[in-house]
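Just so it is clear, none of the values below were taken in a lab; they were calculated from the coordinates. Predicted model, so just to flag it, every value in this text is computed and none were measured. Methodologically, a virtual Cβ is constructed for each residue, glycine included, from the backbone with ideal geometry; neighbour enumeration extends over all protein chains shown.
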Amino acid sequence: MNLFSFINRFKIFNIYPKNRKVVRFSIVLFVLALVVIVGVFFFFYRMYHNDAKALSDFSYSYEKFDKAISDLALPVFASNLEGAQTLEQFNKVYNQITDSYKDSTADSDRLSLAKEAISLNNQLLDYLNNTNDLEGKTKDALDELNTKATVRLSSLIKNDAKLMNKALEIADASTKELNNLSTYKSAIMDKMIITNKLLQNIVDDNGGLKGFIKFLKDNLAKIQSQEADLDNLSKQFSDLDNNRKNAFAYYKKLAEE
């Protein structure tokens with residue numbers, strides 16, 4: 001046996017015709033298996049990527065809503081600087097009017113106070129009317145949050161079921177919070193309108209208190225009911241706001257595990 005015959009005999013790439021079909025079939029199986037493996041990898045990778053994006057999108061929508069409702073709540077509760085100053089000034093003037101019943105304040109002075117109080121009250125009404133755009137943006141942010149909360153997560157994400165349930169809980173709490181704030185806004189506007197009517201009696205009486213006192217007695221039950229409703233709504237808003245924020249803090253904790 002010469003050297004050439006020896007090399008040719010043991011050459012691994014020397015495939016005899018009878019083995020070519022087997023080799024080709026093996027190569028096809030290998031390629032198919034590789035394609036399946038790569039396909040499965042990319043399928044699960046894409047699924048995980050979609051899950052991660054869903055978590056991120058929900059958090060982004062939540063932060064967007066959180067900012068929107070905070071921006072809306074400030075003027076509604078007169079917590080912003082301008083609104084708080086106007087409300088403080090109004091309360092000071094209104095107290096002077098009610099105290100004037102006990103002292104000898106001249107009708108002309110009381111008339112000036114009533115006109116000033118009405119002007120300040122109208123400014124507060126304007127602040128509330130100017131929140132319509134903010135309220136619209138908050139509703140849009142809530143719609144987006146509700147949409148993101150319904151996205152399904154795969155089992156590739158740890159705590160997937162808890163996260164989905166918590167997202168729905170957060171969306172529900174956010175809806176209740178905005179509804180509460182909108183109700184409070186309507187209620188405080190109603191109170192301001194009736195306050196203007198009350199004060200207008202002093203103006204109509206040229207500084208006298210007769211019409212003021214009569215209107216106050218006739219509407220006392222309504223005014224007291226408004227005050228109680230506003231107090232309850234304010235407390236409910238605070239509770240809803242805290243519940244929503246606590247729920248999102250737990251959501252973030254689940255997502256980071």
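Structural remarks
- Each peptide in 110-119, 245-254 was scored by the mean count of other Cβ atoms within 10 Å over its residues; highest first, the order is 110-119, 245-254.
- Sorted peptide list for 83-89, 102-108, criterion being average Cβ within 10 angstrom, highest first: 83-89, 102-108
- Label point distance in nm, Lys53-Thr150, each placed 7 Å from Cα along Cα→Cβ: 1.9 nm
- Counted residue by residue at 0.36 nm each, then reduced by the alpha carbon distance between them, the extension gain from Asn129 to Leu220 reaches 30.2 nm.
- Highest-first packing order for the peptide set 72-81, 173-182 is 173-182, 72-81, based on the mean count of other beta carbon atoms within 10 Å.
- Shape annotation for region 52-256: C-alpha extents along the principal axes are 78, 28, 21 Å, from largest to smallest.
- Within a straight-line Cα-Cα reach of under 12 Å, Lys92 can be paired with the following aspartates and glutamates, leaving aside sequence neighbours fewer than 8 residues apart in one chain: Glu116.
- Between Gln236 and Lys210, the modelled labels are 4.2 nm apart [label points 7 Å from Cα along Cα→Cβ].
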